[in-house]
Amino acid sequence: MRAPIRRFHSASTDARTAVREFHDGVFQPDMALVLFFCSSAYELDDIADEMTRQFPGVQVIGCTTAGEIGPEGYLNYSLSGVSLPGDSFAAVGHLVANLQRFELSSARALVQSQLLELDTKTDACPELANRFALSLIDGLSIREELVCRAFQTALDDVCLVGGSAGDDLNFVRTHVYHGGRFHTDAAVVILVATSRPFRAVKIQNFVPNDERLVVTAAEPERRRVLEINGLPAAEEYARVIDVPQKSLGPAKFADAPIVVLLAGTHYVRAVQTAHRDGSLTFYCAIDEGMVFRIASMTDVVANLSAALAEIRKAIGLPELLIGFDCILRKLNISSKTLTREVESILSENNVIGFSCYGEQYNGIHVNHTLTGIAIGDLPGDQQDG
């Protein structure tokens, strides 16, 4: 009988207690990978130290968040995560440090090294034939586009999905965890091989409107838009969404996302911050001449239910869905008092993940999206536990 995927969510606000509870919830004798997502409000040194104590010799990878998702639903100041059993998974996670100095050539070298290591782990297990990749990246590095595109190119037909680490909407410092330590200006790329069926997930719920907004002045290296349609960016954005400029903040950004058309598909370029000087900072790359449209949100509950129903048709009920869910989706869901309905859907589909500052799908960095990997079970397979 095959070992289970184990999920757990600790709501303890004491760092060491949270890790100990998490360990008790996910521990099993042979773990290929432990993933966790935690609030930045914890004493992170205590989290790191206790993870090392509780999981000696185990590959543990994680990040800080803008909120955690697990069996307890959407929580803040908590720790959620999962252990993947070694009889149906193999994983290789490598740290990518010094993102400000990242070069495209380093992605190919690292991926080749990871593939060789993964091949070594799976040589005696030919059934571990299905492969995907996960990324966790510093959500304030402004390097997601470059890094994720480079790794997806190097990975070729292996799908890369992931999320940008958060810090509970403080926008000061975000962290990824690897090798017993938390790191900034860094990413972790994980290659996973499994015998289980899986599907990559990308779920959005918006419809673009007709009015065009053109970026007429910007500082792309800072993801900052100075002018839209020749006017101060915040002033023009507020006019188009019909709210006072002084009311601009995360809730308004969540309700009125900005989208761009790339290769025939609309992607969100969400606003992070409205500044006193009238400029706007974005979670994703922007540039002068870029054409925006404001999007209207569609029914998030119906959309989410339909998308996950398609996943279940393909692989059955997910035993696990590792989810990277934009913080703006969570804020929008909350503003519409739909949190409990959405939590119920996420729970039914065994989602473990976090609210993030950006999402990655096939090497593209997006916002206002739920990306992830849904992992099923083999038909008729039985498990221990």
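Can you tell me which of Q59, Q54 is farther than 17 Å from V351 by Cβ, modelled with pLDDT of 95 or more, in contact with a Leu (Cβ under 7 Å, 6 or more places away or on another chain) and open to solvent by 30 Å² or more (accessible area, probe 1.4 Å)?
Working: Q54 fails: in contact with a Leu (Cβ under 7 Å, 6 or more places away or on another chain).
Exactly one residue qualifies, and that residue is Q59.
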| Name the residues in segment 327-380 that are in a helix (DSSP H, G or I) and in contact with a helix residue (DSSP H, G or I) (Cβ under 7 Å, 6 or more places away or on another chain), would you? | L328, L331, N332, I333, S335, T339, E341, V342, I345
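I'd like the full set of residues that are assigned to a loop (DSSP other than H, G, I, E, B) and in contact (Cβ under 8 Å) with a residue 24 or more places away in the chain, limited to segment 109-132. If you could, list the steps in order and put the result at the bottom.
At the first step, the residues of segment 109-132 found to be assigned to a loop (DSSP other than H, G, I, E, B) are 123-129.
Within segment 109-132, C125, E127, L128, A129 meet the criteria.
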| field | Of the criteria (1) at pLDDT 95 or above; (2) assigned to a helix (DSSP H, G or I), which one S106 fails | value | (1)
| field | Some residue of segment 323-337 being under 13 Å from the mean Cα position of the chain (by Cα), crowded, with 20+ Cβ neighbours inside 10 Å, over 17 Å from L169 (Cβ atoms) and of a type outside the set (D, E, K, R) | value | yes
| query | Can you tell me which residues in segment 5-20 are surrounded by fewer than 18 Cβ atoms within 10 Å (Cβ to Cβ), part of a helix (DSSP H, G or I) and touching a strand residue (DSSP E or B) at 6+ places or on another chain (Cβ under 8 Å)? | reply | T17
| So is D287 part of a loop (DSSP other than H, G, I, E, B), touching a residue at least 12 places away in the same chain (Cβ under 8 Å) and not small (G, A, S) or not? | yes
| said: Among (1) surrounded by fewer than 17 Cβ atoms within 10 Å (Cβ to Cβ); (2) in contact with a helix residue (DSSP H, G or I) (Cβ under 9 Å, 6 or more places away or on another chain), there is one condition A32 misses while meeting the rest; what is its number? | reply: (1)
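Could you check how many residues of segment 103-132 are of a type in the set (V, I, T) and either on the phi > 0 side of the Ramachandran plot or crowded, with 20+ Cβ neighbours inside 10 Å (or both)? Can you show your working first?
Step one: list which residues in segment 103-132 are of a type in the set (V, I, T), which gives 111, 120, 122.
Going one step further and asking which of them are either on the phi > 0 side of the Ramachandran plot or crowded, with 20+ Cβ neighbours inside 10 Å (or both), we end up with 111.
The number of residues fulfilling the criteria is 1.
Among the strands (runs of 3 or more DSSP E) lying completely within segment 133-239, list those that include at least 2 residues that are over 15 Å from the mean Cα position of the chain (by Cα) and surrounded by fewer than 17 Cβ atoms within 10 Å (Cβ to Cβ). Walk me through how you get there before you give the answer.
On the way: elements: 160-164, 176-178, 181-183, 187-194, 198-203, 206-219, 224-228.
By residue number, 206-219.
Among the residues of segment 63-102, write down those that are assigned to a loop (DSSP other than H, G, I, E, B), within 29 Å of E341 (Cβ to Cβ) and open to solvent by 10 Å² or more (accessible area, probe 1.4 Å). Please lay out each step first, then the result.
From segment 63-102, those assigned to a loop (DSSP other than H, G, I, E, B) are 66-67, 71-72, 76-78, 86-88, 97-98, 102; that's our starting set.
Still in the running and within 29 Å of E341 (Cβ to Cβ): 66-67, 71-72, 76-78.
Within segment 63-102, P71, E72, N76, Y77 qualify.
The values are calculated or read from the model by the stated rules, or taken from the named source; none is laboratory data. The shown structure was predicted, so the numbers you read here are calculated from the model rather than taken from an experiment. Note that we place each Cβ from the backbone using ideal geometry, even for glycine, and neighbour counts take in every protein chain shown. Protein only, heavy atoms only, side chains kept; ligands, DNA and RNA dropped before computing areas. Shrake-Rupley method; radii C 1.70, N 1.55, O 1.52, S 1.80 Å.
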